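Please read the structure below before turning to the comments.
The values are calculated or read from the model by the stated rules, or taken from the named source; none is laboratory data. Everything numeric in this text was worked out from a predicted model, so none of it was measured. Every residue, glycine as well, gets a Cβ built from its backbone with ideal geometry; the counts of neighbours run over all protein chains shown. Just so you know, the surface numbers come from the protein's heavy atoms only, side chains and all, with ligands and any DNA or RNA stripped out. Shrake-Rupley method; radii C 1.70, N 1.55, O 1.52, S 1.80 Å.
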Amino acid sequence: MKKLLTLSLLLVASFAFAQTGTPEVKKQNKTAVKYGNTITIEDLTSDLNILASDALEGRETGKRGQKMAATFIKAHFEELGLVGPVANGRGNGYYQDVKLKASTTGDVYLKVNGEQIKNIEGDLLYMGSGQTTDEITTDVVFVGNGSKEAFEKLDVKGKSILVILDGNDRAARNEASTQAKAKGAVAMYVVMQNSDTDFVKFKEKYAHYFTGERLSLDNGKAKDKKVSLASFYISPSVASKIMNTPFDKLSKSNDAFKKGKKSALKKVKAGKATYKLENIVKDLISENVLGYLEGTDLKDELIIITAHYDHIGIQDGKIHNGADDDGSGTVGLLEMAEAFAKAKADGNGPRRSILFMPVTGEEKGLLGSAYYAEHPIFPLENTVVDLNIDMIGRTGDRDFETEDYVFLVGADKISSELHQISEDANATYTKMYLDYTYNDEKHPDRIYYRSDHWNFAKKGVPIIFYFNGTHADYHKHTDTIEKINWEMLQKRTQLVFYTAWEIANRDARLVIDKKVEKN
Ligand SMILES: [Zn+2]
């Protein structure tokens, strides 16, 4: 037994060693340290003072501030002598045009018993479906809380439905929408408040979500004709007008149904409403900025370093400077570009090539990196790794005492070797606490899917995502430069640098030994 016990303990230990790969403190590479030390707080500060300044208006994709940021980054790459690798690309080949579609909601209204109810102006909040239609009149079927059971005995094909929910219940609303689509309904009216006053409060709070510009990649294909469900939030009195039934009578039928009276909904006579939709689409060009540093004997193999240089612009009249998100990652990337360019100028350049690529459109749905992954300037099969940085300038919401940390996500998902290299680089140079809390794909915050590395991981390219966690100023106008922790921004940038240095100069290319699960 004892012998067996020691054997099994040994087995477990060896398995754990293989899994976590105890970091090896290696002898520091003096040449790497020489250039790692060129990553200074002074430079990081001067670059972030520009990127996170009010002058750049929060760098919203497609807007003036984002364009000014692109010019600043391009000038930085030019000064360093990096190459603009985009053949016939704008900005001397430093810009990869990212073709986008910008859609906004145009003239949308309902007509009920001849009365017109305008979107936003009236008790109507249209959720947007990308459609433009003439006036469409349909019967409106009451489906109570829109649960699966509620739809069972109701025919809603080609009609609209009315749903009454208890408050802002996202899951119930999604269920109703799924059922409605499955059953062939064309529109959905949702009531979530018991009074018109409460509806108006809700409308005022959330209107900007539905009136803003929605960006999507222009994949050059005509929009698929599949009609999506037109969805509207309405007030109790608009519901009552549509159904020609007092609202409390509808609520009573809903409660009766929820208490098990299956026929309660069927007893409600169908109503009628007309809706008219308009979706205004315009073409928009944004740009990824690319700075290429060619390697030597292994130059066909490429390392990509990404950070998104866009942010959310001006909201509620306030400039969202995005100093941490992702000004910190962008200036970290610029400093690494400088360090590697200096190394190359001294004849200590990397063996593999490096593409420094601040991407656009991250806040709009990882658009810039998605565009690059679909239109790579260098073959993805030659891309050895993507090191992605998004928010490394703060100490986030962590219940650990040490500030000397960084969250690492994805390092062991596609290449176990990459995880080991990352661990060793930290043990040898930066000695931070590497926190893998968000490394779990199933983590409720889904961090693995929420930044630009995901578009590379999806293509089977090994990735590491560097992140400090969210904080009280996340996506607020208070995410400003004076809150940056410069020592940690410098150290985290240096960890990425030393990891890149090792991958760029080692003999063997990273081995891909795992497959990415589709999310
Ligand atoms: Zn971000």
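Across segment 107-277, the fraction of Cα-Cα pairs farther apart than 27 Å, rounded to a whole number, is 21%.
What is the dipole size for segment 383-519, taken about its Cα centre, with +1 at each Lys and Arg Cβ and -1 at each Asp and Glu Cβ, in debye to the nearest 20?
On the way: 18 positive and 24 negative charges, 112 e Å.
Roughly 540 debye for segment 383-519.
Distance between the C-alpha centres of segment 40-100 and segment 488-518: 24 Å, rounded to the whole angstrom.
Apply 1/(1 + (r/R0)^6) to the Cβ-Cβ distance of residue 282 and residue 45, taking R0 = 30 Å, and write down the FRET efficiency to the nearest 0.05. Please list the in-between numbers first.
Numbers: r = 38 Å, r/R0 = 1.26.
For R0 = 30 Å, the calculated efficiency reads 0.20.
Computed from point charges on the beta carbon alone (+1 for Lys and Arg, -1 for Asp and Glu), the dipole magnitude for segment 107-277 about its Cα centre is near 740 Debye.
Can you list, largest first and rounded to whole Å, the semi-axes you get for the chain by taking the square root of 5 times each eigenvalue of its Cα gyration tensor?
On the way: eigenvalues 499, 156, 84 Å².
Calculated on Cα positions only, the semi-axes equal 50, 28, 20 Å.
Dipole magnitude for the chain: about 2620 debye, using +1 per Lys or Arg Cβ and -1 per Asp or Glu Cβ, origin at the Cα centre.
Peptides 196-202, 301-307: what's the order by average Cβ count within 10 Å, highest mean first?
Numbers: 196-202: 14.9, 301-307: 25.6.
Result, highest mean Cβ count within 10 Å first: 301-307, 196-202.
Measure up 67/101; 34/299; 203/318 against 24 Å on the Cα-Cα distance and list the ones that go over. Going by Cα-Cα distance, every pair falls inside the 24 Å limit.
Of 268, 457, 358, which is farthest towards the positive pole of the chain's charge dipole, taken about the Cα centre with +1 and -1 on the beta-carbons of Lys, Arg and Asp, Glu respectively? The residue sitting most towards the positive pole is 268.
Only one residue of 167, 44, 512 has its Cα farthest out toward the positive end of the dipole of the chain, where Lys and Arg carry +1 and Asp and Glu -1 on Cβ, and that residue is 167.
Starting with the highest mean, order 124-132, 286-294 by the number of other Cβ atoms within 10 Å, averaged over the residues of each peptide.
With the highest mean Cβ count within 10 Å placed first, the list reads 286-294, 124-132.
In the complete set of protein chains, residue-level accessible area for residue 476 is approximately 100 Å², probe 1.4 angstrom.
Peptides 489-496, 324-331 ranked from most to least packed, by the mean per-residue count of other Cβ atoms within 10 Å: 324-331, 489-496. With unit charges on the beta carbons (Lys and Arg positive, Asp and Glu negative) and the dipole taken about the Cα centre of the chain, which residue among 35, 120, 405 sits farthest to the positive side? After comparing all options, I get 120.
Run the numbers on segment 269-401 and let me know its relative contact order in percent, using alpha-carbon pairs under 8 Å that are six or more apart.
38
Surface exposure of segment 107-277, expressed per residue as accessible area with a 1.4 Å probe, stands at 51 Å².
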